There are 2 protein chains.
Amino acid sequence: MRILTLTKETQQNILENLLKRSPNSYGEYEGRVNAIIEEVRANRDAAVFSYTKKFDGADIDAGNILVTEEEIREAYEKVDPKLLSVIRKALVNIRDYHSRQRQNSWFDSQESGIILGQKVTPLARVGVYVPGGKAVYPSSVLMNVIPAKVAGVEQIIMTTPPGADGKVYPSTLVAAKEAGVDAIYKVGGAQAIAAMAFGTESIPKVDKIVGPGNIYVALAKKAVFGYVSIDSIAGPSEILVLADETANPRYVAADLLSQAEHDEMASAILITTSRTLAGQVAAEIDRFVEKLSRKEIITKSLENYGYILVADSLDDAIATVNEIASEHLELVTKNPFEVMTKIRNAGAIFIGEYSSEPLGDYFAGPNHVLPTNGTAKFFSALGVDDFIKKSSIISYSREALENVYKDIIQFAECEKLTAHANSIRVRFEENSEQK
Amino acid sequence: MRILTLTKETQQNILENLLKRSPNSYGEYEGRVNAIIEEVRANRDAAVFSYTKKFDGADIDAGNILVTEEEIREAYEKVDPKLLSVIRKALVNIRDYHSRQRQNSWFDSQESGIILGQKVTPLARVGVYVPGGKAVYPSSVLMNVIPAKVAGVEQIIMTTPPGADGKVYPSTLVAAKEAGVDAIYKVGGAQAIAAMAFGTESIPKVDKIVGPGNIYVALAKKAVFGYVSIDSIAGPSEILVLADETANPRYVAADLLSQAEHDEMASAILITTSRTLAGQVAAEIDRFVEKLSRKEIITKSLENYGYILVADSLDDAIATVNEIASEHLELVTKNPFEVMTKIRNAGAIFIGEYSSEPLGDYFAGPNHVLPTNGTAKFFSALGVDDFIKKSSIISYSREALENVYKDIIQFAECEKLTAHANSIRVRFEENSEQK
C-alpha cells in the first residue's frame, strides 16, 4: 500500500480522488430506470410480474408474489442453526441500542394559556429493499428493519428479487422473520422500488423506502424521492484508521482490509503520526492479502483508494480526518477518548484497539448503514429518527392571542399578506359576528 | 367555495387533484439549471458575477459581493421601527421553541468494558437562500436561520439576489442581522445554490443549503443534493381546517383565506361534520374575498384547490385529514386535544379557535417551514434536527470483545466476508504478534 506524507496537497488530491466515486451522471441507466417506473405506475402488478420474468427469470403472479409461512418454515430448516443463534444475539444488541434513540413528544405550557410542543409519530408503513444475487447479507436486513420496528412503524414490508426458481434466499427470510417484517414480496430492482412508491394491486404503497441495492435500485429510489421518503444513497464502503505509535500494526492492517474487501471502489486509509507504524502496517497488509479469499477485490481497492498517510502531528491528522469525514473511523491512539472529542465528522467512531470495525457491522448494536463519501459532514447513521416525523403543536387561548395580536397583524402587513392579518384581526373585532 | 359530501371517492379525487401540484418533469428548466451549475463549478466567481449581471442587472464583483456593515446600518435606518420591534419579539419566541429541540449526545456503558453512544455535532457551515423580488419575507429569514443558530452551527451564510442597484432589501438585511447571520452575499438563483454547494473564490462551500426559492432555485438544490444536504423542496402552501358545529364560521373562513392568498396553487380545505357550518363558512368567504387586497390570487386558488367537505362523522373526517397530511391543520372542535391524539399526519397542528394559522407563520415559535403536498406523512418541520448530525460511538474492551468474538466471526463467515472475520480473529490468535 502506498505511503505518503500528509500535506495540504496530498489531502486535496485524496479528497478529489475519493469524490470521483460519486458519478455526476448515470447516463443510459437513468432513462431505463425511469421507463420501468412509469410502466409500473401505469400497469401495476402486470408490469411487476413481467419485469420479474424478464430480469429474474421467475414466474411470479398475484398468487405467489408474497412469501408464505410455509416458505419461511423451510428457510428455518435450511439455515445453519449457528447463524440463527448469532442473528438472535445481534438482534438483541441492535434493538437495545436503537431503543435508546427513541424520542418523546413534548410540550411546554405558559399560564396565559399557551401550549407549544412537538408530537412524534412513527411512519405508518415502511418498505425495506433487500438485494438478491450472491452477496446475501442477513446483517443488512436486521440493520434496516430493527430501527423501523423500534420506532413503532405499524407495517414493515420487504421486497427482494427471487431466483429463477421463484425462491428467496433462506437467510434473508430468517433474518426478516426474526426482525419482525410483516410481509415479504418477491420482486427486485427498480420495479420493486416503483411498486412500493406508488402501490400495485399486490404491493401496498409505503411512506419510506430503505435498504441497499445496485445502480438501478439507487436511481429508482432517487426518482421516487418526494412521493415517498428514502434513506440516503449508499456509496462504496470506507474505513479510516487514525493511529499513533502505540497501535498494533497487525490489527490496523486487518481492519483496513476488512473494508477493502467490500468492493473495488471501497476505500481504506490509515493516517498515522508514526512512520514506523506506517511501514509495519504496509508489510502486514502484504502478508494478509495473500491469505484472504477476496484477494483480487482487495488488491484493486487498495490500488484505487488505499492510502497510508504520515502526519507531522496529531492535530494535522485530526484535521484531515474531519475533512475526509469517513463512514467508519477507528481511533487507535494513546488517549482515544480525548481524540474523539476533536472528531467532528465520521459516520461511526470505533474507539480503542479492540473496537474493530466488523464488530459494528454485525454485533455491537449501532447501525451499520452509515453516511459515505464525505456525507458524514451532514448525514447520520440510519436510526429511529428515520422512521418518525414530528408535528408542531400550537395552542393559544384568547387571552394569549390578545396579548400579541397587534404584533402579528403588524408583521403580516409588512409582508403585504392582508388575509393573514385579517385572520387575526377578525377575532378581536367588536361584534365580529355581525360584520 | 364548492361544498361536497365527503366520500371515499371525493377523497380520492381531491388527493389526486392536490398531487397534480407536484410536477413530474421540469423539462427545459432542468437543462438550464444544470448548465448554470456546471458553469459556476468551472468558473466560480467569474460565472457568479456574469449571471448576476445577466439575471439581476447588477454589477457585482469580488469587491462588493459581500454586504457591508455600512449597508446593514443603512438598512436599519430604512426599516419601520415597528417591524424591527416585532421581529425582535418573534425572534425570542422562535429561539425559545427551537432551544427545546436540542438533542444531547449520550452513551451507555456496561461493566465488561462496553461503551456505546451517539455523539451529536452541529453542521460546520450552513447556507440560507433568501429570494429577492417583490415578496420580501423577513419571517422566512428568521425561520431558516434561528434553528441553525440554536443547533450551534459555526458559520451561517446567506445569499440573496441584489436589485439592479446592487442593493438588498432592507428588511431582509435587518432580519438576517437580528437572527445572527455571519455573512450575506449578493447573488441569487441557481448560481447562488451552485456557489454554496461547490464554493467559489468569494463564497465558501457549505454543508447544507436551506431556504425557499423559485423553480430555478428548487431544481438547483435538487441537483446539488448529495454534494451538500438540502432542506425539502417546498410546495405550495396548504391549510386544512377540521371543524364541528361549535366553530365560529367567520374565524374559519378568515383562516382558510390566509393560506389561499399565498398563490394560485395554494390549497384551503375545510372538513366539517356540520352542513350548517359549511354553508356559513362559504358565505363568510364570499364576503371576505371582496375586501382583501389579494382577491385575484385567492379566487384562483379557491377555484383550483379549495374545498368544503361535509363528513358523516368525526372519525371519517379524521381519516381524511390523515390521508391529506396537510402542511397546516387547525382543529376547531369540541375537544380539540382529544382529536389531536388521533392525528397522525400534519406539519403543524393548531388547536382551538384562537390558534389561527398566521400566529404560527410569524410569532408563536414553531417553524413555519413545513412539509407540503402530503409529505407530512414522512417529513417534519424544519428544526434543530436539520442542522446536527450524529456519529455512533463504539468502544469494546478486550474482555468485552473476547466474550463475543466467535459470534462475530461466525456471522462474517456466513456472509463470506473473510477479511471481516480475519480482523476479529487476529486479536485472539496466540502470539499474534509473531505470525
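The values are calculated or read from the model by the stated rules, or taken from the named source; none is laboratory data. Quick caveat: nothing in here was measured; it's all calculated off a predicted structure. When we count neighbours, we look across all protein chains shown, and the Cβ atoms used for this are built from the backbone with ideal geometry, even at glycine. Calculation scope for accessible area: heavy atoms of the full protein, side chains included, ligands and nucleic acids excluded. Shrake-Rupley method; radii C 1.70, N 1.55, O 1.52, S 1.80 Å.
Counting only strands (runs of 3 or more DSSP E) that fall entirely inside segment B:40-151 and contain at least 3 residues that are within 14 Å of chain A (Cβ to nearest Cβ), touching a residue at least 60 places away in the same chain (Cβ under 8 Å) and surrounded by 14 or more Cβ atoms within 10 Å (Cβ to Cβ), the qualifying elements are B:114-122, B:125-129. Of all residues in segment B:222-248, those satisfying the criterion of being among the hydrophobic types (A, V, I, L, M, F, W, C) and modelled with pLDDT of 90 or more are B:V224, B:V228, B:I230, B:I239, B:L240, B:V241, B:L242, B:A243, B:A247.
When the residues of segment B:362-387 are filtered to those that are facing another protein chain (nearest Cβ under 8 Å) and open to solvent by 10 Å² or more (accessible area, probe 1.4 Å), the one that is farthest from B:S22 (Cα to Cα) is B:D385.
Against the test of being under 28 Å from B:I349 (Cα atoms), assigned by TED's automatic domain parsing to the domain that holds B:N144 and open to solvent by 10 Å² or more (accessible area, probe 1.4 Å), the options B:P204, B:P212 yield a single qualifying residue, B:P212. Segment B:295-379 holds helices (runs of 4 or more DSSP H) entirely within its bounds, and those carrying 2 or more residues that are within 16 Å of B:L15 (Cα to Cα) and out of contact with any strand residue (DSSP E or B) (no Cβ under 9 Å at 6 or more places or on another chain) map to B:314-324. Yes or no: segment A:94-102 includes at least one residue that is touching a strand residue (DSSP E or B) at 6+ places or on another chain (Cβ under 6 Å) and acidic (D, E). No, there is no match, as no residue in segment A:94-102 is touching a strand residue (DSSP E or B) at 6+ places or on another chain (Cβ under 6 Å) and acidic (D, E).
For segment B:302-319, check the following and say yes or no: at least one residue is open to solvent by less than 10 Å² (accessible area, probe 1.4 Å), within 13 Å of chain A (Cβ to nearest Cβ) and of a type in the set (A, V, I, L, M, F, W, C). No, every residue in segment B:302-319 fails to be open to solvent by less than 10 Å² (accessible area, probe 1.4 Å), within 13 Å of chain A (Cβ to nearest Cβ) and of a type in the set (A, V, I, L, M, F, W, C). Using the structure shown, decide if A:V224 is open to solvent by less than 10 Å² (accessible area, probe 1.4 Å), under 30 Å from A:A195 (Cβ atoms) and of a type in the set (V, I, T). Taking the combined requirement at face value, the residue satisfies it. Would you mind stating whether A:T246 is touching a Lys or Arg at 6+ places or on another chain (Cβ under 6 Å) and over 22 Å from A:S22 (Cα atoms)? Against the criterion (touching a Lys or Arg at 6+ places or on another chain (Cβ under 6 Å) and over 22 Å from A:S22 (Cα atoms)), A:T246 qualifies. Residues of segment A:181-197 include none that is part of a loop (DSSP other than H, G, I, E, B), under 30 Å from A:L15 (Cβ atoms) and of a type outside the set (V, I, T). Any chance segment A:273-285 includes a residue that's touching a Ser or Thr at 6+ places or on another chain (Cβ under 8 Å), away from every other protein chain (no Cβ under 11 Å) and open to solvent by 10 Å² or more (accessible area, probe 1.4 Å)? Yes.
A quick yes/no check of all residues on (1) without any contact (Cβ under 8 Å) to a residue 40 or more places away in the chain; (2) among the β-branched types (V, I, T):
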position	(1), (2)
A:G279	no, no
A:A283	yes, no
A:K295	yes, no
A:T299	yes, yes
A:L302	no, no
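B:H262 meets each of the listed conditions (1) under 18 Å from the mean Cα position of the chain (by Cα); (2) in the same structural domain as B:L123 (by TED's automatic domain parsing) apart from (2). The residues of segment B:337-352 that are surrounded by fewer than 23 Cβ atoms within 10 Å (Cβ to Cβ) and either of a type outside the set (A, V, I, L, M) or at pLDDT below 95 (or both), listed by number, are B:F337, B:E338, B:T341, B:K342, B:R344, B:G352. Inspection of segment A:418-431 identifies no residue that is open to solvent by 10 Å² or more (accessible area, probe 1.4 Å), in contact with a strand residue (DSSP E or B) (Cβ under 9 Å, 6 or more places away or on another chain) and of a type in the set (S, T, N, Q).
Considering A:A419, A:A348, A:A412, the condition of being at the interface with another protein chain (Cβ under 7 Å from one of its Cβ atoms), closer than 30 Å to B:F337 by Cβ, of a type outside the set (D, E) and in contact with a His (Cβ under 7 Å, 6 or more places away or on another chain) is satisfied by A:A412 alone.
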